[in-house]
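K.L.:
I'd like to ask you about the structure that follows.
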Ligand code: AMP
Ligand code: MG
């Protein structure tokens, strides 16, 4: 096993020691990597990451402090797509054509799942009042994975929630009034994902209910990250970071071949110092759903001045924003689409149910790798999958951590 480098100064050393909750087995190896694929996923070259400076991003990419002085062929690129700012950094592997290919792919995906564009596949399905609609193969692929995760999570992630989320989106854009209970109840009556029919042979989707609507916002960015990872794998890229509005994918390794380190936002002050860091990451998605992304603030429009903030993750059982003490839910998984959808589902399911479900390993068939999670709750507790022990560090002293 590699011996961690000595921290540069004693303050850094203290901070690092406080942050790292390392656990070793009898032979001194970190406990997490249980299978060969896990071993690759969480590289055990932990020592290399210990001295590195934390830099903020969105479940923020904590790239190496040394990166800034490396010579790059090209600056990272950021553009708007999928309703958010998408940033890709190919570091020294970056070329104009690689960036071009990646952003063209993002535009292609946006054209399928964009709810505000009438020409998108999703809007055509939603306008069809239950009739079958021909859609792109990528759309079939995403919807079929969405339906699988909806089944496994018993509808906590619900791709047929569009009629309800539309009410919240309209409230945000057009009114200063939260949807009424009656409006929500009426919309919820048309949100049964089990009625959706997918015909893979014919390439069609049928909602099976004239009033029902799809919303794939909680999985589309994950699919986009998977698609970018495919391009990167074909493009001789050694290391890259992809940030799709806080949905992160880390590809390969850093230039010095050490794995990536990310921070998870403090949900109470999302622009500030991250609450926790996760190190040892390689070829994986790290997706966070948090209360700080909102649909709507009523009253004065300022939650600090008495307005009420309505975050954007809806509990399909009530039609209202999930209210179970979860402030953010992060999922780490090789399959980014699964990480995305599961993050939303776990947020709705709450801490106990989510960790129990992960413990049962219920996701192997859909997730292409065991998902791990980190929840932050309104009692200032961080709960993390045991598989992250040794790789996760509390950055802010306000929080206490336990593993499950
Ligand atoms: P995410 O940021 O990945 O958690 O996705 C949140 C978005 O997914 C929201 O803005 C809604 O459009 C949609 N959404 C909200 N709640 C759910 C849910 N329970 N199941 C599926 N999609 C949801
Ligand atoms: Mg999601």
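The values are calculated or read from the model by the stated rules, or taken from the named source; none is laboratory data. In this text the structure is predicted, and so the values were computed from the model without any measurement. Reconstructed Cβ throughout: ideal geometry from the backbone, glycine too, with neighbour counts over all protein chains shown.
K.L.:
Run down 221, 195, 172 and say which single residue is within 16 Å of ligand 1 (Cβ to nearest atom) and at pLDDT below 95.
P.N.:
Working: 221 fails: at pLDDT below 95; 195 fails: at pLDDT below 95.
Step by step, each of 221, 195, 172 is checked, and only 172 is within 16 Å of ligand 1 (Cβ to nearest atom) and at pLDDT below 95.
K.L.:
Among the residues of segment 230-241, are any within 15 Å of ligand 1 (Cβ to nearest atom), under 23 Å from residue 344 (Cβ atoms) and touching a strand residue (DSSP E or B) at 6+ places or on another chain (Cβ under 9 Å)?
P.N.:
No, there is no match, as no residue in segment 230-241 is within 15 Å of ligand 1 (Cβ to nearest atom), under 23 Å from residue 344 (Cβ atoms) and touching a strand residue (DSSP E or B) at 6+ places or on another chain (Cβ under 9 Å).
K.L.:
When residue 127 is evaluated against the numbered criteria (1) surrounded by fewer than 20 Cβ atoms within 10 Å (Cβ to Cβ); (2) away from ligand 1 (no atom under 12 Å from the Cβ); (3) more than 20 Å from residue 190 (Cβ to Cβ), which criterion, by number, is the only one it fails?
P.N.:
(3)
K.L.:
So which residues in segment 343-381 are at pLDDT below 95, in contact with a helix residue (DSSP H, G or I) (Cβ under 6 Å, 6 or more places away or on another chain) and farther than 21 Å from residue 144 by Cβ, if there are any at all?
P.N.:
Passing the criteria: only 372.
K.L.:
Among (1) surrounded by 20 or more Cβ atoms within 10 Å (Cβ to Cβ); (2) modelled with pLDDT of 50 or more, there is one condition residue 119 misses while meeting the rest; what is its number?
P.N.:
The failed condition is (1).
K.L.:
Does residue 299 satisfy being more than 11 Å from ligand 2 (Cβ to nearest atom) and modelled with pLDDT under 95?
P.N.:
So residue 299 fits the description; yes.
K.L.:
Taking the condition more than 16 Å from ligand 2 (Cβ to nearest atom) and touching a strand residue (DSSP E or B) at 6+ places or on another chain (Cβ under 6 Å), does residue 189 pass?
P.N.:
no
K.L.:
Of all residues in segment 316-351, how many are in a helix (DSSP H, G or I), in contact with a strand residue (DSSP E or B) (Cβ under 6 Å, 6 or more places away or on another chain) and either more than 9 Å from ligand 2 (Cβ to nearest atom) or closer than 22 Å to residue 139 by Cβ (or both)?
P.N.:
Residues flagged as in a helix (DSSP H, G or I), in contact with a strand residue (DSSP E or B) (Cβ under 6 Å, 6 or more places away or on another chain) and either more than 9 Å from ligand 2 (Cβ to nearest atom) or closer than 22 Å to residue 139 by Cβ (or both) within segment 316-351 amount to 8.
K.L.:
Only one of these is crowded, with 22+ Cβ neighbours inside 10 Å and more than 16 Å from ligand 2 (Cβ to nearest atom): 250, 242. Name it.
P.N.:
250
K.L.:
Right, something else. On the basis of being farther than 25 Å from residue 399 by Cβ and free of Cβ contacts under 8 Å to residues at least 40 places away in the same chain, does residue 269 make the cut?
P.N.:
Judged against the criteria, residue 269 is not a match.
K.L.:
Of the residues in segment 184-214, how many are crowded, with 17+ Cβ neighbours inside 10 Å and farther than 16 Å from residue 126 by Cα?
P.N.:
Result for segment 184-214: 1.
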